[in-house]
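Trainee: Got a structure for you, questions after.
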Amino acid sequence: MSERTLYDKVWENHKVTTLPNGQDQLFVGLHLIHEVTSPQAFGMLQERDLEVARPDLTHATVDHIVPTSDRDRPFENEAAEEMMAELEENVRSVGIEFDDPTTGKQGIVHVIGPEQGITQPGMTIVCGDSHTSTHGAFGALAFGIGTSQIRDVLATQTVAMEKKKVRKIEVTGELGDDVTAKDVILTIIRRLGTDGGVGYVYEYAGEAIESLGMEGRMSICNMSIEGGARAGYVNPDETTYEWLEGTDEFEDDPERFEELKSYWESIGSDEDAEYDDVVTIDGSEIEPVVTWGTTPGQGIGITEEIPDPESLPDDKQDTARRAQEHMRVAPGDTMEGYDIDVAFLGSCTNARLPDLRAAAEIIRGRAVDDSVRAMVVPGSQRVKAAAEREGLDEIFTEAGFDWRDAGCSMCLGMNDDQLVGDEASASSSNRNFVGRQGSKDGRTVLMSPQMVAAAAVTGEVTDVRELPKVEVKA
Amino acid sequence: MSDPKEIPSVAHVEGSGIPVHGNDIDTDQIIPARFMKVVTFDGLGEFAFFDQRFDDEDNEKEHPFNEEQYQDANVLVVNANFGCGSSREHAPQALVRWGIDAIIGESFAEIFAGNCLALGVPTATADSETIETLQSWIEDNPDGDIEIDVAAETVTYDGRTIDVDVDEAQRKALVDGIWDTTALMNSNTESIERTAAALPYVENPKVQTGRSDD
Ligand code: SF4
């Protein structure tokens, strides 16, 4: 028998049974919910007279519609207020822990789980949100589900799924200066395609991945879904355990930490695990990546030329042509110098403390270009508070950034933070789909937080490595 | 109430087609996020493909979902990687509420296909040539009859029968009428608790069984 991957192990120890339809029924260790995709599921439960099976393994936050400036209740936007009230009612009636903004723990669902230590290795984690793959950074098996599946999980604490194949993506070598986890994942998606991961779960490995902190690993796993893979993970190691040891869950419970650690150590992929596919990427060759189009797979290195649609595979040409028209870019140009109107530093991909630190490092001593509206939306209230303790907020606000409250914000433009008209944004988020940031004519260029910072101060897409250093007096 | 026997089998879907061309059509296009500020799925149908169908002044743009001849269509025919992006079930819900009962395409994003299954909507696949031929036939024959046999994995139109693929688990679930997983899974309480009890991180294996009648 072949040796097993983390995916095999976690799957097997959560498998309840094989259902008559051929799918496996899996026990869910943690169910995260937010205001957009859960209310209909609670409604379906009620229709069927079913109860929530495990409120104690369910955890709620509010992120998608929550305003990031004036948060006094009732929210100014009526629809947002209605969704918030509905969530409050649902969680209160069954006793689900809810990190609302008054707790100081509110934030994007994929930021708060890891932050509080409720995201752990060897767990199954689901949420009605495709970026649930983020939690795979901890060696959890984590995936997004639809509302009918949320209903299943609420009612039974289990979910029906088919087992996928596992592709190991090995990123070798050392990443260059100012090359980040974001650049790695954009490179992977570009290489394997936005649908390359369909049918697969991605295991990220190799020196370049292992050398990343948990935040970087989260950025990578986060965008597995942009590559078509429903889940992605990194095997847990000392970096993972160190993070967990300091969280709410384990801070005061070293005994439980040790106990679980031996479980965590047992679920990593075996040395000789067999994979359905292995892809190797040389990390030392990656440069800062930006997108030129309207899918996350349409990325290029900052010094590379935008491809001619004709040069792409047949099935990509049409999409590329339309994307270039929408973005108003031409083959043969680079993205350097592309004018931007908005700089958005936020989202579950890149709004954690190290992201903000790295961006602040570049902003320090500079000012946001006059033509740019720039904002920082920390991933959680805790990230925000931690950043303020370090004085990052001052660096940002002095430079002309808007320093906002935690939420999804302009990542998807469901609250008031939106692109207007055909504005172009330099965005640290994960999706550049047409209309994604709230305006259907809006243009999104995805990039790392450092690159967003560089674009904010120059007013155009800029190679952060070329930005002259500013001497700052201490 | 959650008796599995009440779930209908979806072995056959018959009706007229509607083609929507393009690869990588994401769920933000199928239902823009601003229409998701709702607590039920009712009424989502009219917002399907909204930004593709209307300009800023709400004037109709050219889109199959606007065209008179397709208003009664129930079989959507699409290209590759349809439904990628956000996991929102609002996307298939909007299509279903617009009138779609089945989708045929080159390929589908997984979460989207799973969401369709949860609504009893088959997602059948075929190669790009087959799909394009079908799409142009529909354009010439908007009233033409298309019949999907889920069990046999075939589509019949214009007097011919072509092979398509329906994922095995999906096929079985649809044909046997076991696509409503809540009902299926809710009867396994003992096994659920046994699985939970063996997990070192779950402190209490008990599940609340709810008030279902099984
Ligand atoms: S930040 Fe963006 S991608 Fe992440 S959960 Fe919120 S809307 Fe989704």
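Trainee: Applying the Karplus parametrisation 6.51 cos²θ - 1.76 cosθ + 1.60 with θ = phi - 60° to the phi angles of the stretch B:187-196, what ³J(HN,Hα) value in whole Hz is obtained for each residue in order, glycine and proline being reported as x?
Mentor: The phi angles translate into 8, 9, 3, 4, 5, 4, 5, 5, 4, 5 Hz.
Trainee: May I pose another question? On the first, second and third principal axes, largest extent first, how far apart are the outermost C-alpha atoms of the stretch A:211-294 in Å?
Mentor: Taking max minus min along each principal axis of the Cα atoms, the stretch A:211-294 gives 49, 30, 26 Å.
Trainee: Starting from the amide H of A:N21, placed 1.01 Å from N in the peptide plane, find each other amide H under 5 Å away whose residue is 5 or more places distant or on another chain.
Mentor: Sorted by chain and number, the residues that satisfy this come to none at all.
Trainee: Within the stretch B:54-75, which residues have the backbone N less than 15 Å from the label spot 7 Å out from B:E14 along Cα→beta-carbon, could you tell me?
Mentor: Within reach of a label on B:E14, which here means backbone N under 15 Å from a point 7 Å along Cα→Cβ, the stretch B:54-75 contributes B:74-75.
Trainee: Going toward the positive end of the dipole of chain A, with +1 on Lys and Arg Cβ and -1 on Asp and Glu Cβ, which of A:T147, A:T247, A:I340 do you reach last?
Mentor: A:T147
Trainee: Can you list, largest first and rounded to whole Å, the semi-axes you get for the stretch A:150-210 by taking the square root of 5 times each eigenvalue of its Cα gyration tensor?
Mentor: Equivalent-ellipsoid dimensions as semi-axes: 31, 14, 12 Å.
Trainee: Once fully extended, how much extra length lies between A:E325 and A:E12, figured as 0.36 nm per residue of separation less the alpha-carbon to alpha-carbon distance?
Mentor: Going from the current span to full extension adds 107.9 nm.
Trainee: Determine the dipole magnitude for the stretch A:371-432: charges of +1 sit on the beta-carbon of Lys and Arg, -1 on that of Asp and Glu, nothing else is charged, the reference point is the Cα centre, and the result goes in debye to the nearest 20.
Mentor: Here the size comes out at about 260 debye.
Trainee: Give me the one-decimal nm value for the distance between modelled label points at A:T172 and A:D276, 7 Å along each residue's Cα-to-Cβ direction.
Mentor: Modelled inter-label distance: 2.5 nm.
Trainee: For A:W292, B:W179, give the ranking by accessible area with the largest first, probe 1.4 Å.
Mentor: B:W179, A:W292
Trainee: Can you flag which of A:K105/A:K469; A:K15/A:K168; A:K105/B:K206; A:K9/A:K168 are past 25 Å Cα-Cα?
Mentor: Beyond 25 Å: A:K105/A:K469; A:K105/B:K206.
Trainee: Find, to one decimal place in angstroms, the Kirkwood hydrodynamic radius of the stretch A:6-266, where the mean of 1/r is taken over every pair of different Cα atoms and then inverted.
Mentor: So the Kirkwood estimate lands at 19.0 Å.
Trainee: When the helix-only estimate is applied to chain A (DSSP H runs of n ≥ 4, each -39,500 (n - 2.57), divided by the residue count), what is the mean residue ellipticity at 222 nm, nearest 500 deg cm²/dmol?
Mentor: That calculation yields -9500 deg cm²/dmol at 222 nm.
Trainee: With a cut-off of at most 13 other beta carbons within 10 Å, and DSSP calling the residue loop, which trypsin sites (Lys or Arg not before Pro) in the stretch B:30-80 qualify? Please list them.
Mentor: B:K61
Trainee: Can you give the FRET efficiency for A:T102 and B:Q71, using 1/(1 + (r/R0)^6), R0 = 41 Å, r = Cβ-Cβ distance, to the nearest 0.05?
Mentor: 0.25
Trainee: Given N residues in the protein assembly as shown, what is its alpha carbon radius of gyration divided by 2.2 N^0.38 Å?
Mentor: Dividing the Cα radius of gyration by 2.2 N^0.38 Å gives 0.91.
Trainee: Scale the Cα Rg of the stretch B:29-155 by the rule-of-thumb value 2.2 N^0.38 Å and send over the ratio, two decimals.
Mentor: Against the compact-globule rule of thumb, the ratio is 1.04.
Trainee: Taking every residue in A:410-418, how many Cβ atoms of other protein chains lie within 10 Å of its Cβ, on average?
Mentor: 2
Trainee: Something else: Nearest 100 Å² is fine: what is the total accessible surface buried where chains A and B meet, probe 1.4 Å?
Mentor: That pair of chains buries around 5800 Å² in total.
Trainee: Give the percent of DSSP beta bridges with both residues in the protein assembly as shown that are antiparallel, rounded to the nearest 5.
Mentor: Antiparallel: roughly 35 percent of the beta bridges in the protein assembly as shown.
Trainee: A follow-up question, please. Under the Karplus relation 6.51 cos²θ - 1.76 cosθ + 1.60, θ = phi - 60°, what is the ordered set of whole-Hz ³J(HN,Hα) values for the stretch A:53-65, x standing for Gly and Pro?
Mentor: Couplings: 5, 9, x, 5, 9, 10, 9, 10, 9, 10, 9, 5, 9 Hz.
Trainee: Per residue of A:47-53, count partner chain C-beta atoms within 10 Å of its C-beta, then hand back the mean as an integer.
Mentor: Partner Cβ neighbours, averaged per residue: 6.
Trainee: Given 0.36 nm per residue, what is the gain on full extension from A:E207 to A:A79 after removing their alpha carbon distance, in nm?
Mentor: Between A:E207 and A:A79, full extension yields an extra 41.4 nm.
Trainee: Taking amide H positions as placed 1.01 Å from N in the peptide plane, with prolines and chain starts having none, which residues 5 or more places from A:G232, or on another chain, fall under 5 Å of its amide H?
Mentor: Those lying under 5 Å, H to H, from A:G232 are A:G136, A:A142, A:Y202.
Trainee: May I pose another question? Would you work out the Kirkwood radius for the stretch A:164-270? I mean one over the mean of 1/r across all pairs of different Cα atoms, in Å.
Mentor: Result for the stretch A:164-270 stands at 14.8 Å.
Trainee: For the stretch A:352-453, state which GluC sites (Glu not before Pro) are in a DSSP loop and have at most 10 other beta carbons lying within 10 Å of their beta carbon.
Mentor: Taking the stretch A:352-453 and a limit of 10 other Cβ atoms within 10 Å, no loop GluC sites (Glu not before Pro) are found.
Trainee: Which one, B:N188, A:Q116, A:A79, is farthest towards the positive end of the dipole of the protein assembly as shown when Lys and Arg carry +1 and Asp and Glu -1 on their Cβ?
Mentor: A:Q116
Trainee: Give the average, rounded to an integer, of partner chain Cβ atoms located within 10 angstrom of each Cβ in B:22-35.
Mentor: 6
Trainee: Separate question: Taking amide hydrogens as modeled 1.01 Å from N in the peptide plane, which residues meet the under 5 Å criterion relative to A:R443, leaving out close sequence neighbours?
Mentor: Result for A:R443 returns A:E423, A:A424, A:S425.
Trainee: Order the peptides A:62-73, A:375-386, A:145-156 from the highest to the lowest mean number of other Cβ atoms within 10 Å of their residues.
Mentor: Averaged packing, sorted descending, gives the order A:145-156, A:375-386, A:62-73.
Trainee: Still on this structure: Which value, in debye to the nearest 20, describes the size of the charge dipole of the protein assembly as shown about its Cα centre when Lys and Arg Cβ atoms bear +1, Asp and Glu Cβ atoms bear -1, and nothing else is charged?
Mentor: 1100 debye
Trainee: Leaving out ligands and nucleic acids, note down the accessible area per residue over chain A with a 1.4 angstrom probe, in whole Å².
Mentor: With the other protein chains kept in place, chain A gives 34 Å² per residue.
Trainee: Which three numbers, in whole Å and largest first, are the semi-axes of the equivalent ellipsoid of the stretch A:1-52 derived from its Cα gyration tensor as √(5λ)?
Mentor: 30, 15, 9
Trainee: Measuring from the lowest to the highest alpha carbon on each principal axis, how far does the stretch B:103-181 reach, largest first, in angstroms?
Mentor: Sorted largest first, the three principal extents are 39, 23, 20 Å.
Trainee: In whole Å, what is the distance between the alpha-carbon centres of the stretch B:151-211 and the stretch A:262-337?
Mentor: Centre-to-centre distance over Cα atoms comes out at 34 Å.
Trainee: With each run of n ≥ 4 DSSP H residues scored as -39500 (n - 2.57), what mean residue ellipticity at 222 nm is computed for chain B after dividing by its residue count and rounding to the nearest 500 deg cm²/dmol?
Mentor: Theoretical 222 nm ellipticity from helices: -7500 deg cm²/dmol.
The values are calculated or read from the model by the stated rules, or taken from the named source; none is laboratory data. On a predicted model such as this, the values are computed, not experimentally measured, just so you know. Reconstructed Cβ throughout: ideal geometry from the backbone, glycine too, with neighbour counts over all protein chains shown. These accessible areas exclude ligands, DNA and RNA; they are computed on the full protein's heavy atoms, side chains included. Shrake-Rupley method; radii C 1.70, N 1.55, O 1.52, S 1.80 Å.
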